[in-house]
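J.: First, the structure itself, so that you have it in front of you.
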Amino acid sequence: MRYALMTLIAVSLAGCTRAPAPVADVVAVVSASLPSDPADAAWNAAPEHVAKLLLQDLVEPRLQAVSTPDVRVRAFTAGQEIALRLEWPDATINDLPAAGRFNDACAVQVPLKPAAAVPDPQMGMAGNGVAISFWRADWQATVKGRGDTIREIYPNALIDHYPFDAPSLEKGSAAQQKMATEYAPAEGAGNRRGGARTTAVEDLIAEGPGTLHPAPAAISRGSGVRTPTGWAVVITRPLPDGLSPTSPSQIAFAVWEGSKQESGARKMRTGWIPISIREDQP
Amino acid sequence: MARVYNWQIGREMSYWYPESRPKKQFAAVFDTNKCIACQTCTLACKTTWTSGKGQEYMLWNNVETKPYGSYPLAWDLKLLDMLDAGKWAGSTYQGQTIFESAAAGERVASWRPSDDDYAYPNVGEDDCANQIDGGASFSLPHMAWFYYLARICNHCTYPACLASCPRGSIYKRPEDGIVLVDQGRCRGYQECVKGCPYKKVYFNPMTGTSEKCIGCFPKMEQGLQPQCFVNCIGKIRMAGYLSTPDQARPDNPLDYLVHVRKVALPLYPQFGLEPNVYYIPPIHVPPMFLRQMFGPGVDAAIKTYRNAANDDDLAGLLGLFGSTEQVMTRWVRRGSEVAGVDDRGTTLVRVPLKEPVVERAGFDRVYQIMRTNCP
């Protein structure tokens, strides 16, 4: 019996790829390519950093109670890009927006430019900003093919009529599109928060709380999937300025738990965490 | 927080930003005694502004039946439950406003409606008006009375939606005091939806942003009253601009009703927002209920209103309600006629103090038939 048990353990260990031990900081391992799928087994080769999440407690409205305790981060880099895999526990899927309903989300934050002093970790500061890659679960669902109708939220909704769906307007025509935009004022103002999307990630710039605004160009891409215990999201973006194999930098993360009505400033976040690039695996 | 003066509660109070009053303030008076809850105002707004995707249950204007009706569900009861019932000393409110009673880490004391709370606008609110079967009795905590409360955004002097937004996406126009959500800046955090005590900011799940009544500003900019005002068949509404009490002009119709005669009162002044839609309270409702809703001026307002038949100025001005689409910034009574006037002194409309009455005999001699009393 004792021999059989030892044999079983030995066989089990031989069949596993041993994951690297957790690391104290975020380490991006140089790789030939960057896995974009959070479920890709290649991620097991990257060392994992367990980042403790803190309450956003700088500005009102603050988060009052701890929700998500930590986010597990792995990273690869190839050429001029870095891919970060964020995984966190979340028992509920929150990916349908509505009044009083909020979406699961996460974000990666890096200093906007190399500086002797890093900006404030909570959204940067005037003259010393941060770049943010923001992923949201409802956008992910839309990218994966969920429709853009009210019935996706309320399956039994009865819609009499939308003016832009009038029979006199040819569906898909310029006139019809123009009229539809007039009935979606945010979209008309170039602020695409809902509706059909091609990416679940948006790029943002901030120079302090309340200053968040779109980045000049979309430079990040990403994808998220459900794990048995929560979410795993890969965000790929250009290497932050100042981060190289010979020059470490700083990085920060944030997680929003939709079921706890977290949104905007109501979030769990980290402070700055050192990030470095490692040429070889240990 | 800054210290600002709120004349509706007769004292200074704490607010998120310093006092900054607009050049002129959009305001309105609604006469609740004339509202029949036909919802024409609701549909006028709906068809004009909220026919898009995600706006299906969004009513910038709604009419609810008080005391039981509400949209969203229990919007006022829930907040009143949260706040201590502060007392008034004369015209000074001694309790705490929603800004002063905010918990640590919050900007205002507030609650967040769920989407279900918006699902029953004016559904079943009038059921007690149905005929009761012979012999049946109906017992309520109060006497069997109700009245209709038409509601739009109050375009408050101290908006809680504006104070709640952590990224300054809501602004109060300096030129007319209309409060707007910047649709290019809103990120849909829904803090404003939670923060507004009147629950007059709505989240649109299809655009992902919050939206609200815009005071029909494209019309107001042209000197025209908003859609819900001009389509009101009961002629209960008048839109215009309101001065602060110290600047009140008796020839400004809203100043006259609010400041001079004090017959129109703010909705829940104790919340502390200095709302700019004023209500002539219903005269048949127990004053105790009305004092909670409209403040300590209720009794005097009802007394003044009840005497309107003997008050040519007040009766005349009330007759100007719904008489023209144009904004009357001034008014004047000349004998038995009242006129609405614009900023340039142009007479917009003239209304007789008393409509001529013609009495017809009950029997029509020409057609040899009794006349009926149908309209």
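J.: Quick check, is residue A:141 open to solvent by 10 Å² or more (accessible area, probe 1.4 Å), closer than 17 Å to residue A:223 by Cα and touching a Pro at 6+ places or on another chain (Cβ under 6 Å)?
T.: Values: open to solvent by 10 Å² or more (accessible area, probe 1.4 Å): yes; closer than 17 Å to residue A:223 by Cα: yes; touching a Pro at 6+ places or on another chain (Cβ under 6 Å): no.
So residue A:141 does not fit the description; no.
J.: Further, regarding this structure: Identify the single condition in (1) among the small types (Gly, Ala, Ser); (2) surrounded by 21 or more Cβ atoms within 10 Å (Cβ to Cβ); (3) more than 30 Å from residue B:144 (Cα to Cα) that residue B:301 does not satisfy, given that it satisfies every other one.
T.: Of (1) among the small types (Gly, Ala, Ser); (2) surrounded by 21 or more Cβ atoms within 10 Å (Cβ to Cβ); (3) more than 30 Å from residue B:144 (Cα to Cα), only one is false for residue B:301: (3).
J.: Would you please name the residue that is modelled with the lowest pLDDT, looking only at residues in the range A:214-243 that are over 28 Å from residue A:41 (Cβ atoms) and open to solvent by less than 60 Å² (accessible area, probe 1.4 Å)?
T.: In the first step, residues of the range A:214-243 are kept if they are over 28 Å from residue A:41 (Cβ atoms); the result is A:214-218, A:241-242.
Of the ones still in play, those that are also open to solvent by less than 60 Å² (accessible area, probe 1.4 Å) are A:215, A:217, A:242.
Numbers: A:215: 97, A:217: 96, A:242: 91.
Per the stated criteria, the residue is A:242.
J.: Go through (1) at pLDDT 95 or above; (2) within 14 Å of chain B (Cβ to nearest Cβ) one by one and return the number of the condition residue A:57 breaks.
T.: For residue A:57, the exception is condition (1).
J.: Here's another thing I want to ask about it. If you check residue A:174 against the conditions, is it within 13 Å of another protein chain (Cβ to nearest Cβ) and open to solvent by 40 Å² or more (accessible area, probe 1.4 Å)? Show your work before the answer.
T.: Values: within 13 Å of another protein chain (Cβ to nearest Cβ): no; open to solvent by 40 Å² or more (accessible area, probe 1.4 Å): yes.
Judged against the criteria, residue A:174 is not a match.
J.: What is the number of the single condition among (1) at positive phi; (2) over 18 Å from the mean Cα position of the chain (by Cα) that residue A:264 does not meet?
T.: (2)
J.: Give the number of residues within the range B:313-323 that are surrounded by fewer than 18 Cβ atoms within 10 Å (Cβ to Cβ) and not small (Gly, Ala, Ser). Talk me through it step by step, then tell me what you get.
T.: Taking the range B:313-323 first, the residues surrounded by fewer than 18 Cβ atoms within 10 Å (Cβ to Cβ) are B:313, B:315, B:323.
Subsequent filtering for residues that are not small (Gly, Ala, Ser) retains B:313.
Qualifying residue count for the region: 1.
J.: Is it the case that the range B:280-296 has a residue that's in contact with a Gly (Cβ under 7 Å, 6 or more places away or on another chain) and among the hydrophobic types (A, V, I, L, M, F, W, C)?
T.: no
J.: Considering each of A:147, A:100 in turn, give the residue that is in contact (Cβ under 8 Å) with a residue 12 or more places away in the chain, within 13 Å of another protein chain (Cβ to nearest Cβ) and over 17 Å from the mean Cα position of the chain (by Cα). Break it down into steps so the answer makes sense when it comes.
T.: Details: A:147 fails: in contact (Cβ under 8 Å) with a residue 12 or more places away in the chain.
Only one candidate qualifies: A:100.
J.: Can I ask one more? Just give me the residues in the range B:212-234 being touching a residue at least 12 places away in the same chain (Cβ under 8 Å), open to solvent by less than 40 Å² (accessible area, probe 1.4 Å) and within 19 Å of residue B:43 (Cβ to Cβ), in sequence order.
T.: Hits for the range B:212-234 are B:212, B:213, B:214, B:215, B:216, B:225, B:226, B:228, B:229, B:232, B:234.
J.: Which one of these does residue A:186 not meet: (1) modelled with pLDDT under 95; (2) within 13 Å of chain B (Cβ to nearest Cβ)?
T.: The single condition residue A:186 does not satisfy is (1).
J.: May I ask you to list the residues in the range A:2-54 that are at pLDDT below 65 and in contact with a helix residue (DSSP H, G or I) (Cβ under 8 Å, 6 or more places away or on another chain)? Steps first, please.
T.: Step one: filter the range A:2-54 for residues at pLDDT below 65, giving A:2-18.
The answer is A:17, and nothing else.
J.: Sticking with this one: Any residue at all in the range A:118-131 that is outside any loop (DSSP other than H, G, I, E, B), assigned by TED's automatic domain parsing to the domain that holds residue A:68, in contact with a Leu (Cβ under 7 Å, 6 or more places away or on another chain) and surrounded by 16 or more Cβ atoms within 10 Å (Cβ to Cβ)? Don't jump to the end; show me each part of the working.
T.: Within the range A:118-131, the first condition is being outside any loop (DSSP other than H, G, I, E, B), and the residues that meet it are A:125, A:128, A:130-131.
This time we only want the ones that are assigned by TED's automatic domain parsing to the domain that holds residue A:68, so: A:125, A:128, A:130-131.
Within this subset, residues satisfying the condition of being in contact with a Leu (Cβ under 7 Å, 6 or more places away or on another chain) are A:130-131.
Filter again for surrounded by 16 or more Cβ atoms within 10 Å (Cβ to Cβ), leaving A:130-131.
Yes, that holds for at least one residue.
J.: Take the residues in the range A:41-64 that are over 27 Å from residue A:125 (Cβ atoms) and more than 18 Å from the chain's Cα centre (by Cα), then tell me which one is surrounded by the fewest Cβ atoms within 10 Å (Cβ to Cβ). Write out each step before concluding.
T.: To start, the set of residues in the range A:41-64 that are over 27 Å from residue A:125 (Cβ atoms) comprises A:41-48, A:50.
This time we only want the ones that are more than 18 Å from the chain's Cα centre (by Cα), so: A:41-42, A:44-47.
On the way: A:41: 9, A:42: 14, A:44: 13, A:45: 16, A:46: 26, A:47: 21.
Among residues in the range A:41-64 that are over 27 Å from residue A:125 (Cβ atoms) and more than 18 Å from the chain's Cα centre (by Cα), the one surrounded by the fewest Cβ atoms within 10 Å (Cβ to Cβ) is A:41.
J.: Hey, another quick one. Going by the structure shown, is residue B:51 within 13 Å of another protein chain (Cβ to nearest Cβ) and polar (S, T, N, Q)?
T.: It is true that residue B:51 is within 13 Å of another protein chain (Cβ to nearest Cβ) and polar (S, T, N, Q).
Here is a yes/no grid of residues against (1) closer than 26 Å to residue B:38 by Cα; (2) part of a loop (DSSP other than H, G, I, E, B):
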| position | (1), (2) |
| --- | --- |
| B:206 | no, yes |
| B:211 | yes, no |
| B:215 | yes, yes |
| B:229 | yes, no |
| B:233 | yes, yes |
| B:239 | yes, no |
| B:249 | no, yes |
| B:282 | yes, yes |
| B:293 | yes, no |
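J.: Identify all residues within the range B:333-370 that are surrounded by 14 or more Cβ atoms within 10 Å (Cβ to Cβ) and in a loop (DSSP other than H, G, I, E, B); write none if there are none.
T.: Within the range B:333-370, B:342, B:353 qualify.
J.: Could you check how many residues of the range B:275-295 are over 12 Å from residue B:147 (Cβ atoms), in contact with a helix residue (DSSP H, G or I) (Cβ under 7 Å, 6 or more places away or on another chain) and buried (at least 18 other Cβ atoms within 10 Å of the Cβ)?
T.: 2
J.: A further question on this structure: Return the residue satisfying two criteria in turn: it lies in the range B:145-182 and is of a type in the set (Gly, Ala, Ser) and away from chain A (no Cβ under 14 Å), and of such residues it is farthest from residue B:227 (Cα to Cα). Walk me through it before giving the result.
T.: Step one: of the range B:145-182, the residues of a type in the set (Gly, Ala, Ser) are B:150, B:160, B:163-164, B:168-169, B:177.
Now narrow it down to the ones that are away from chain A (no Cβ under 14 Å): B:150, B:177.
On the way: B:150: 14, B:177: 18 Å.
Result: B:177.
J.: Identify the residue in the range A:24-40 that is of a type in the set (Gly, Ala, Ser) and more than 16 Å from residue A:231 (Cα to Cα) and, among all such residues, is most open to solvent (accessible area, probe 1.4 Å). Give the steps one after another, and end with the answer.
T.: Taking the range A:24-40 as the starting set, the residues that turn out to be of a type in the set (Gly, Ala, Ser) are A:24, A:28, A:31-33, A:36, A:39.
Narrowing the set further to residues that are more than 16 Å from residue A:231 (Cα to Cα) leaves A:24, A:28, A:31-33.
Details: A:24: 85, A:28: 0, A:31: 36, A:32: 109, A:33: 75 Å².
This residue is A:32.
J.: Go through the range A:259-272 and count every residue that is among the hydrophobic types (A, V, I, L, M, F, W, C) and either assigned to a loop (DSSP other than H, G, I, E, B) or open to solvent by 20 Å² or more (accessible area, probe 1.4 Å) (or both). Spell out how you get there, then give the answer.
T.: The initial filter retains those residues of the range A:259-272 that are among the hydrophobic types (A, V, I, L, M, F, W, C), namely A:265, A:268, A:272.
Filter once more, so that each one left must be either assigned to a loop (DSSP other than H, G, I, E, B) or open to solvent by 20 Å² or more (accessible area, probe 1.4 Å) (or both): A:265, A:272.
Qualifying residue count, the range A:259-272: 2.
J.: Are there any pairs, at least 6 apart or on different chains, whose C-beta atoms fall under 9 Å, with the first in the range B:168-182 and on the phi > 0 side of the Ramachandran plot and the second open to solvent by 10 Å² or more (accessible area, probe 1.4 Å) and among the basic types (Lys, Arg), and if so, which?
T.: Going by the 9 Å Cβ cut-off, the qualifying pairs are B:168/B:185; B:177/B:21; B:177/B:23; B:177/B:24.
To keep it simple, each residue is scored yes or no on (1) in contact (Cβ under 8 Å) with a residue 24 or more places away in the chain; (2) over 18 Å from the mean Cα position of the chain (by Cα); (3) open to solvent by 10 Å² or more (accessible area, probe 1.4 Å).
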position: B:197; (1), (2), (3): yes, no, no
position: B:201; (1), (2), (3): yes, no, no
position: B:236; (1), (2), (3): yes, no, no
position: B:247; (1), (2), (3): no, yes, yes
position: B:251; (1), (2), (3): yes, yes, yes
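J.: Continuing with the same structure: Among the residues of the range A:194-210, which ones are touching a Gly at 6+ places or on another chain (Cβ under 7 Å), more than 11 Å from every other protein chain (Cβ to nearest Cβ) and surrounded by fewer than 19 Cβ atoms within 10 Å (Cβ to Cβ)?
T.: Going residue by residue through the range A:194-210, those that are touching a Gly at 6+ places or on another chain (Cβ under 7 Å) are A:194, A:200-201, A:205-208, A:210.
Within this subset, residues satisfying the condition of being more than 11 Å from every other protein chain (Cβ to nearest Cβ) are A:200-201, A:205, A:207.
Matches in the range A:194-210: A:205 only.
The values are calculated or read from the model by the stated rules, or taken from the named source; none is laboratory data. Being a predicted model, the structure only gives us computed values, none of them experimental. Using ideal geometry, Cβ is built from the backbone for each residue, glycine included, and neighbour counts are taken over all protein chains shown. Accessible surface is based on the protein model in full, side chains and every heavy atom, while ligands, DNA and RNA are left aside. Shrake-Rupley method; radii C 1.70, N 1.55, O 1.52, S 1.80 Å.
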